[in-house]
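Note sheet for the following structure.
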Amino acid sequence: MIFEKIRKIIAEQLNIGEDAITINTSFEELGVDSLDLFQIVIEIEEEFNIQIEDAEAIKTVRDAVKFAEENTTKEGDNL
């Protein structure tokens with residue numbers, strides 16, 4: 001579910017089809033520049049109510065999904 005949300009965010013920001021994005025796709029493969037990455041990170045932060053301190057550390061879709069999973073799970077543990 002997190003992967004699908006992140007894939008949708010990336011596809012919308014880059015104006016590409018979701019089918020072009022897999023869990024293993026790197027942002028470099030997608031031609032993402034620093035401004036694109038910044039926009040994607042902002043959207044992910046808003047979607048999952050998280051803060052990504054080191055956006056440059058996110059190199060692949062998997063990195064973004066893993067970060068979101070790890071940081072949204074912690075919030076859910078408090079319920």
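The values are calculated or read from the model by the stated rules, or taken from the named source; none is laboratory data. Worth saying up front: this structure is predicted, and the values here are computed from it rather than measured. Positions of Cβ are generated from backbone atoms using ideal geometry, with glycine treated the same way; all protein chains shown enter the neighbour counts. Note: accessible area is taken over every heavy atom of the protein model, side chains too, but ligands, DNA and RNA are not part of it. Shrake-Rupley method; radii C 1.70, N 1.55, O 1.52, S 1.80 Å.
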Review point. How much length, in nm to one decimal, is gained on full extension between Leu35 and Glu12, taken as 0.36 nm per residue of separation minus their Cα-Cα distance?
Key: 6.8 nm
Exercise for review: For Lys5, list the aspartates and glutamates whose Cα falls under 19 Å from its own Cα; do not include residues on the same chain fewer than 8 positions away.
Suggested key: Glu18, Asp19, Asp36, Glu43, Glu45, Glu46, Glu47, Asp63, Glu69, Glu70, Glu75
Review point. How far is the Cα center of the stretch 35-63 from the Cα center of the stretch 1-33, in Å?
Key: 12 Å
Study note, to complete from the structure: The percentage of the accessible area of the chain (probe 1.4 Å, all protein chains present) made up of carbon and sulfur atoms, to the nearest whole number, is 46 percent
Study note, to complete from the structure: Karplus-derived 3J(HN,Hα) from phi for the stretch 47-52 (6.51 cos²θ - 1.76 cosθ + 1.60, θ = phi - 60°), whole Hz, x at Gly and Pro, runs 4, 9, 6, 10, 10, 9
Study note, to complete from the structure: accessible surface per residue for the chain, probe 1.4 Å, DNA/RNA/ligands not counted, whole Å² -> 65 Å²
Check your understanding: Between Asn49 and Asp19, what FRET efficiency follows from the Cβ-Cβ distance if R0 is 25 Å, with the result rounded to 0.05?
Key -> 0.35
**Study point:** Theoretical gain in end-to-end length, Glu28 to Met1 [0.36 nm per residue, Cα-Cα removed]
**Key:** 7.4 nm
